[in-house]
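K.L.:
The structure under discussion is supplied below as structure tokens; questions concerning it will follow.
Each value in this text was obtained by applying a stated rule to the coordinates, not by laboratory testing. These numbers were taken from a predicted model, which means no experiment stands behind them. Positions of Cβ are backbone-derived with ideal geometry, glycine not excepted, and every protein chain shown enters the neighbour counts.
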Amino acid sequence: MSTRRPIRILITTTAAAALAGAALSAAPASAAPPDDAGTETLRVATYNLSLNRNAPGQLVADLSTGANAQARTVAQIIQRTNPDIVLLNEFDYVPDGLAVDLFRTNYLEVSQGGADPVEYPYAFVAPSNTGVASGFDLNNNGVIGGGDDAFGFGLFEGQYGMAVLSKHPIVEDDVRTFQHFLWKDMPGALLPDDPNTDEPADWYSQEELDVVRLSSKSHWDVPVDVDGRTVHVLASHPTPPTFDGPEDRNGTRNHDEIRFWADYVTSGTASRYITDDAGSTGGLKPGSSFVILGDQNADPLDGDSTEDAILQLLGHPRITDPLPTSEGAVEASALQGGANLAHEGDPAYDTADFADTAPGNLRADYVLPSRDLRVLDAGVFWPVQADPLSALTGVYPFPSSDHRLVWVDLRVHG
């Protein structure tokens, strides 16, 4: 059944518990859950699966049968990694949860390529800022309208949205969304500066600052009941720090979208400014367990993000970085060369296969648990070419996505 709320939509089904995932090869990219997995073991994943489409209604049309090749491929990757909770980035928002219902029914719950089906009785979707018209000339090109003048880049409302799928119950009444939080309301925000004027932080007019939202999509706090223990899924997808000019409006926004979670999980004054879409203030309750998920569009050492963007999370005292790796990423970096040859970061940590000229392959996707959750294992689904499963990730043009699914196994104590 479906429950519609003003800001959020929670979808539940009466499906039985999910079938166990297929046994996979020993490569880190395709590791199976631990043999001793029990009620306290939780596999959490993030996957930018590029199921965004170019027009409203197109995703629903593509998912209405089980024949879409890309959807079958990304579904198989999810089946073979078999996470208990997974955040889907670049999954167009469709009201009433129709798209996510179709994806579950026609793809995830049907064997793909011999993998065991997987069932997610619980799902959360909510509106995205992408494609929502601002009414202002936010890119300062003299014309109002189009994706670049929306609150988040998008050709239609909900493009590049998000969805959370879970085998464990979502605590609907405690979900918090931050779609409407204004960028200017973050103390010390890195508001972009027009380099052609002497005034600081003046890319946006005061009238624009009164409406410009921080989240390019949204920020969600989705509590999940894991055998009596609440784990907060903190989901987001910050804007890429590119596609702008010397004002770096996307780079600074990316930084502050990431900073939002760093402040949210910090008790005391750091999070007091935060207000959710229902009007409640403050950050996460001290001592709460959480996992920050999403394509953060920021690499610790390479790429175009601001120098410390992702370090705000990786260096946070409440957060563990499991450092998931894959052999496929190392192989791809060596074979593709180009910008990868000048990277400072270890290619084993890469999660996205970007253009070889620039920026090269990067670590962009993260599963970052709170320190009270013990990390058992972690990996990136990026098989080497000798592995038959490498057909699922492939090379450009990709059969699935330019991003790879990232998973972490956690021990949750009741």
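K.L.:
Could you list which residues have their amide H under 5 Å from that of W203, counting only those 5 or more apart in sequence or on another chain, with H placed in the peptide plane?
P.N.:
Result for W203 returns D193, D194.
K.L.:
Can I ask one more? For segment 208-221, take each phi angle, set θ = phi - 60°, evaluate the Karplus expression 6.51 cos²θ - 1.76 cosθ + 1.60, and give the result in whole Hz per residue in order, putting x for glycine and proline.
P.N.:
Result, ordered by residue: 6, 4, 6, 10, 5, 8, 5, 6, 6, 10, 5, 10, 10, 10 Hz.
K.L.:
So, one more: Using +1 on the beta carbon of Lys and Arg, -1 on that of Asp and Glu, and nothing else charged, what's the dipole of segment 2-411 about the Cα centre, debye to 20? Can you show the working numbers first?
P.N.:
Numbers: 25 positive and 59 negative charges, 282 e Å.
The dipole of segment 2-411 has a size of about 1360 debye.
K.L.:
On to the next question. Given springs between every Cα pair under 10 Å in a Gaussian network model of the chain, which of A270, A123, A262 has the largest fluctuation?
P.N.:
It is A270.
K.L.:
From the residues F103, G161, S215, which one has its Cα farthest along the dipole of the chain in the positive direction, the dipole being from +1 and -1 charges on Cβ of Lys/Arg and Asp/Glu about the Cα centre?
P.N.:
Among F103, G161, S215, the one farthest towards the positive end of the dipole of the chain is F103.
K.L.:
List residues of segment 280-298, by number, whose backbone nitrogen lies under 19 Å from a label position 7 Å along Cα→C-beta of D185.
P.N.:
Only 280-285 pass the distance filter.
K.L.:
Nearest 5 is fine: what % of DSSP beta bridges in the chain come out antiparallel, could you say?
P.N.:
Values: 48 of 59 bridges.
The antiparallel proportion sits near 80 percent.
K.L.:
Treating the angle as unsigned and between 0 and 90°, give the value, to the nearest 10°, between the Cα long axis of helix 249-264 and the longest Cα principal axis of the chain.
P.N.:
Approximately 60 degrees, to the nearest 10.
K.L.:
List the residues whose amide H sits under 5 Å from the amide H of H232, counting only those 5 or more places along or on another chain, with H placed 1.01 Å from N in the peptide plane.
P.N.:
Under 5 Å from the amide H of H232 lie the amide H atoms of V224, S289, F290, V291, each far enough along the sequence or on another chain.
K.L.:
If each of T281 and E199 carries a label point 7 Å out from its Cα toward its Cβ, how far apart are those two points in nm?
P.N.:
Distance between the two pseudo-spin positions: 2.8 nm.
K.L.:
Note the direction-averaged projected area, equal to a quarter of the hull surface, for the Cα convex hull of segment 2-411, in nm².
P.N.:
Values: hull surface 75.4 nm².
That works out to 18.8 nm².
K.L.:
Starting from the 7 Å offset along Cα-to-Cβ, what nm value, one decimal, do you get for the label separation of I144 and A355?
P.N.:
So the label points at I144 and A355 sit 3.2 nm apart.
K.L.:
Arranged from highest to lowest average of other beta-carbon atoms within 10 Å per residue, in what order do the peptides 193-200, 298-305, 157-164 appear?
P.N.:
Values: 193-200: 10.8, 298-305: 22.6, 157-164: 26.0.
Ranking the peptides 193-200, 298-305, 157-164 by packing returns 157-164, 298-305, 193-200.
K.L.:
From the phi angles alone, apply the Karplus equation (6.51, -1.76, 1.60; θ = phi - 60°) to segment 329-340 and give each ³J(HN,Hα) in whole Hz, x where the residue is Gly or Pro.
P.N.:
Going residue by residue, I get 5, 5, 5, 4, 4, 5, 6, 7, x, x, 4, 4 Hz, with x marking Gly and Pro.
K.L.:
For segment 297-336, list residues with backbone N below 18 Å from a point placed 7 Å from the Cα of H413 toward its Cβ?
P.N.:
318-320
K.L.:
Short version: ³J(HN,Hα) in whole Hz for each residue of segment 222-239, in order, from phi by Karplus 6.51 cos²θ - 1.76 cosθ + 1.60 (θ = phi - 60°), x for Gly and Pro, what are they?
P.N.:
Values per residue, Gly and Pro as x: 10, x, 10, 8, 9, 6, x, 10, 7, 10, 8, 8, 9, 10, 6, 8, x, 4 Hz.
K.L.:
Sum -39500 (n - 2.57) across every DSSP H segment of at least 4 residues in the chain, then divide by the residue count to get the 222 nm mean residue ellipticity, nearest 500. Walk me through the intermediate numbers first.
P.N.:
Working: 7 runs with 59 residues, N = 414.
Mean residue ellipticity, 222 nm, calculated: -4000 deg cm²/dmol.
K.L.:
Using only Cα atoms, tell me the angle between helix 69-81 and the longest principal axis of the chain; keep it within 0 to 90° and round to the nearest 10.
P.N.:
70
K.L.:
Dividing the convex hull volume of the alpha carbon atoms of segment 267-414 by its residue count, what do you get in Å³ per residue? If you can, show how the numbers build up before the last one.
P.N.:
Numbers: hull volume 21.4 nm³, N = 148.
Per-residue hull volume (Cα only) is 144 Å³.
K.L.:
Once R0 is set to 25 Å, what does the formula 1/(1 + (r/R0)^6) return for the Cβ-Cβ distance between D96 and L155, expressed as a FRET efficiency to the nearest 0.05?
P.N.:
Working: r = 21 Å, r/R0 = 0.85.
My answer for the efficiency is 0.75.
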